[in-house]
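Taken together, the values in this text are just the output of simple stated rules run on the coordinates, not laboratory data. A quick note: this is a predicted structure, and the numbers were derived from the prediction, not measured. In this analysis, Cβ positions are derived from the backbone assuming ideal geometry, glycine residues included, and neighbour counts consider all displayed protein chains.
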Amino acid sequence: MLGGDMRSRLAVSDPILACAIVALCAACASTPEVDPVYRPTENVLEVVAVLRAHIEDDTYRFEPARDFTGRNVYRSSLLRLENLEELHADALRAGHMDGVIAFAKSRSLERLRAFDLAAESYRLAADLSEDLRLAALDSADICDVLHEAAQMTRELEPRDETDSDSDVMGISRLVELDPDSVLAEFEARTALLDGLTAITEGTHYGPIVREELERADVARASYFVGIRKTDVNGDVRAISELQRVTFRHPNSKNFNRHLLELADLYAQLAVEYSTTYPPESLFFDPVRFQELVEGASRLYEMVASRDGTPEKIEASRRLEAFLAYSIRIDRDRFTP
C-alpha cells in the first residue's frame, strides 16, 4: 500500500500531468503553419506580376525561367491562374478581373506552344476588356499564324507489321514519302515563319518565332535522316540537313544538342561502314573510315570542351566510347 506522503504527491501531480498530456495532444493535432512562400496564391496581381517579369525573356537563347518549385514559370503561372478561378470563384464572380485573367493565360499558353488555345483566350480577353482589346486581337492573329505553321509538318509513319515488306523480327519499316513534296511543305512552313519574323521583330514574339523556325528545321533534318537508307545519296543529304540546323541556329540554347545529333550520325555511319566492309577485308577504305571518325570525334570534342553545359559530360562519354570502338577497328585492320 502507498504511504500517505506518496498519495498526496500523486494527488498534486495528477492535474499537472493531465494538463501536460492535453497540451501535448493539442500540439500534435494542430496543423503546422505553412511557409508563406509555399502558400496558395491569393490574388491575380501576384501571378500576373511574376508572369509579366518573364514575358520578355529570350527563350530561344536561354532555358525558360523556373519558379521556386522548379517548374517552368509559364506553366506554373497558368496552373495558378486556373486554381485562382476555381478556389476564389465567389470573390471573382463580379467579373472585373476576367479580361486580365484571360489575357495572362494567353501569354502562358503561347509559351507552351498551345497557340490555338492562346488565340481563343486572347479573343475572349478582347471581348471582356476594352483596355486590352487591341493588344489581344493583334496577339490572337499572331497565334493563329503560329498554330498554322506548327501544323505544317510531316512525320514518318511505321508500316503495318503484317506487311509482307516488313523488316525481319517484326520491326516495321518507315513509309517512303516523296522527298520533293515533303521538302516543299517544309519550305512553305519556313516561309510562313520568316514572314512572321519581320512582323514580330522587337516584340516578345521574336524568340517564340525563332523557336518555331528551329523546330521546323529540326523536323526537316529528322525526316531526311529517317529516309537516308532509301536513297543512294541519303547519307550525304542527312549530314547536310543536320549541318544546316547548326549553321542556322548558332545562338540557340539547343546548339550543343544539334552538334551531338550531327556527331551521332557520323559515328553511326562509321559503324555501318565497318559492318558493311569489315576492316580485315580488301574492300575496307581506311581514308573513308577515318573521315567519318574525325567528323564524329571533332564534334564530340567541341561539345565536351564547353564548360557549364549539361551536354559536356554526355559528349565526353560518347567520345570515349567511340574512340574505343575506332581503336578496335584499327587493331583488327592491322592484325595479320
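Among the GluC sites (Glu not before Pro) in the stretch 88-141, those placed in a DSSP loop whose Cβ has at most 13 other Cβ atoms within 10 Å are Glu130. Within straight cross-link reach of Lys253, meaning Cα distance under 24 Å, which lysines are found once same-chain residues fewer than 8 apart are removed? Within the straight-line limit of under 24 Å, Lys253 reaches these lysines: Lys312. Across all directions, the average projected area of the convex hull around the alpha carbons of the stretch 185-296 is 7.9 nm². The charge dipole of the stretch 36-137, taken about its Cα centre with unit charges on the Cβ atoms of Lys, Arg (+1), Asp and Glu (-1) only, comes to about 300 debye. Take every Cα pair under 8 Å whose residues are at least 6 apart in sequence, average their separation, divide by the length of the stretch 254-336, and the relative contact order is 34 percent. Note on Arg317 and Ser181: the extension gain reaches 45.1 nm, defined as 0.36 nm multiplied by sequence separation minus the Cα-Cα distance. Any idea what % of Cα-Cα pairs in the stretch 254-336 are farther than 19 Å? It works out to 37 percent of all Cα pairs.
If you wrap the Cα atoms of the stretch 36-137 in a convex hull and average its projected area over all directions, you get 6.7 nm².
Spacing of the modelled spin labels on Asn43 and Asn83, each 7 Å from Cα toward Cβ, amounts to 1.8 nm.
For the listed peptides 199-210, 52-63, a ranking on the average number of other beta carbons within 10 Å per residue, highest first, reads 199-210, 52-63. Distance between the modelled labels on Asp141 and Ala324, one decimal in nanometres: 5.9 nm (7 Å Cα→Cβ projection).
Extension gain for the segment Leu134 to Asp194, taken as residue separation times 0.36 nm less the Cα-Cα distance, is 19.2 nm to one decimal.
The slack in the chain from Asp90 to Leu282, taken as 0.36 nm per residue of separation less the alpha-carbon distance, amounts to 60.9 nm.
Along the positive direction of the dipole of the stretch 36-137 (beta-carbon charges: Lys, Arg +1; Asp, Glu -1; about the Cα centre), which of Leu79, Ser121, Ala135 reaches farthest? Positive-end residue among those listed: Leu79.
Based on the Cβ-Cβ distance of Arg66 and Asp116, what FRET efficiency does E = 1/(1 + (r/R0)^6) give at R0 = 30 Å, to the nearest 0.05? Efficiency computed from Cβ-Cβ geometry: 0.75. If a/c stays under 1.5 just call it rounded; otherwise compare a/b with b/c (prolate if a/b is bigger, oblate if not). Do that for the stretch 274-317, with a ≥ b ≥ c from the square roots of the Cα gyration tensor eigenvalues. Prolate shape, in that a/c is at least 1.5 and a/b is the bigger ratio. For the stretch 265-313, the list of GluC sites (Glu not before Pro) that fall in a loop by DSSP and count at most 16 other C-beta atoms within 10 angstrom reads Glu280.
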